[in-house]
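Below: the structure, in structure tokens.
The values are calculated or read from the model by the stated rules, or taken from the named source; none is laboratory data. None of the values given here were measured: they were computed from a predicted structure. Using ideal geometry, Cβ is built from the backbone for each residue, glycine included, and neighbour counts are taken over all protein chains shown. Note: areas computed on protein heavy atoms with side chains; ligands, DNA, RNA excluded. Shrake-Rupley method; radii C 1.70, N 1.55, O 1.52, S 1.80 Å.
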Amino acid sequence: MGGAKKKSMAQMEKTHDQTDKKDEPGSKKGKGKTVVEKRPRGLQSPDTSDPKFLAEVQKMGAITPFSIASQFNLRLSVAKDLLEDLEKRRLVRLVGGNARIRIYQPAAA
């Protein structure tokens, strides 16, 4: 209701000096922000009959939708559909998980 207290002259000078230092280009403290290039995620799944793709999947110990999505640059929904398709073809088998996350394992050849 009463508002903020009026600052003294010394306090106003300090805040003014601090804003001037921030505006100077050469006086950066610490590390600057690193710019991370964002890549668009793919909407189309890789060909499940491709031998290179199957070899990569067989090398993985535990297969989750996140691991597939990050390795092949896919969306999570596409990776989930891909794993369901591989399970139907009996290339991977479900070993655990719940409704939110499924954990698969390469099928024994």
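Taken over region 52-99, the criterion of being within 30 Å of GLU37 (Cβ to Cβ), open to solvent by 90 Å² or more (accessible area, probe 1.4 Å) and not in a helix (DSSP H, G or I) is satisfied by ARG75 alone. Residues that are out of contact with any Leu (no Cβ under 9 Å at 6 or more places or on another chain) and in contact (Cβ under 8 Å) with a residue 12 or more places away in the chain do not occur anywhere in region 42-50.
Counting only residues that are open to solvent by less than 100 Å² (accessible area, probe 1.4 Å) and out of contact with any Lys or Arg (no Cβ under 9 Å at 6 or more places or on another chain), which one in region 30-45 is modelled with the highest pLDDT? Only one residue tops the list, namely SER45. Every condition in (1) open to solvent by 70 Å² or more (accessible area, probe 1.4 Å); (2) at pLDDT below 90; (3) touching a helix residue (DSSP H, G or I) at 6+ places or on another chain (Cβ under 6 Å) is met by SER27 except one, and the failing one is (1).
Return only the number of the condition from (1) at pLDDT below 85; (2) over 33 Å from the mean Cα position of the chain (by Cα); (3) open to solvent by 100 Å² or more (accessible area, probe 1.4 Å) that THR19 does not satisfy. For THR19, the failing item is (3). Screening SER49 against (1) modelled with pLDDT of 90 or more; (2) exposed (fewer than 13 other Cβ atoms within 10 Å of the Cβ); (3) among the hydroxyl-bearing types (Ser, Thr, Tyr) leaves a single unmet condition, (1).
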